[in-house]
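Colleague: Quick one: structure below, then a few questions.
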Amino acid sequence: MKIGELAACTGAPARMLRYYEAKGLIQPVRLHNGYRDYGDYLVDRVIKIRGLLDAGIPTRVIGEILPCFDRPDLVVPVDPDPRLRETLVRQRERMSENIRVLSENRTAIDRYIASIDEVLSAHSA
């Protein structure tokens with residue numbers, strides 16, 4: 001697929017996709033005419049990259065952990081950096097807190113929607 005198609009599928013602007021490519025996070029295939037061909041598998045990868053970026057994980061760290069998504073059974077860090085581990089532990093804790101808050105917010109929104117539904121049902125009865 002072309003970059004515009006990948007952008008449409010993922011919601012990531014083409015400029016951002018080029019940035020991911022420059023950082024080595026995605027690798028399109030070059031066709032004989034020089035055009036880039038972005039494989040379908042990159043849709044999921046870009047969505048994961050965006051989620052990691054939204055969680056505050058820098059691209060250099062994302063590049064380190066992307067193999068965990070591709071082949072989790074084969075991931076063996078060659079020369080693990082203790083600082084990277086500390087960074088990932090902090091990021092994971094922050095993600096867990098964000099998940100907790102989002103879950104509470106979703107529950108509150110569900111209750112509010114249910115209340116609206118009750119009011120609307122009462123009005124239409």
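The values are calculated or read from the model by the stated rules, or taken from the named source; none is laboratory data. All values derive from a computational prediction rather than experimental measurement. We place every Cβ from the backbone using ideal geometry, glycine too, and count neighbours over all the protein chains shown. To get the accessible areas, we keep the full protein, side chains included, count just its heavy atoms, and leave off ligands, DNA and RNA. Shrake-Rupley method; radii C 1.70, N 1.55, O 1.52, S 1.80 Å.
Colleague: Quick check on L31: is it closer than 19 Å to V89 by Cα and open to solvent by 40 Å² or more (accessible area, probe 1.4 Å)?
Modeller: In short, no.
Colleague: Okay, next question. Could you check segment 97-125 and list, in sequence order, the residues that are open to solvent by less than 90 Å² (accessible area, probe 1.4 Å) and within 21 Å of the chain's Cα centre (by Cα)?
Modeller: Selection gives E97, N98, V101, S103, N105.
Colleague: Further, regarding this structure: Within segment 70-96, how many residues are at pLDDT 80 or above and either open to solvent by 80 Å² or more (accessible area, probe 1.4 Å) or touching a helix residue (DSSP H, G or I) at 6+ places or on another chain (Cβ under 8 Å) (or both)?
Modeller: Residues that pass the stated criteria total 12.
Colleague: Surrounded by 10 or more Cβ atoms within 10 Å (Cβ to Cβ), closer than 30 Å to G4 by Cα, under 17 Å from the mean Cα position of the chain (by Cα) and basic (K, R), is that true of R50?
Modeller: When the stated conditions are applied, R50 passes them.
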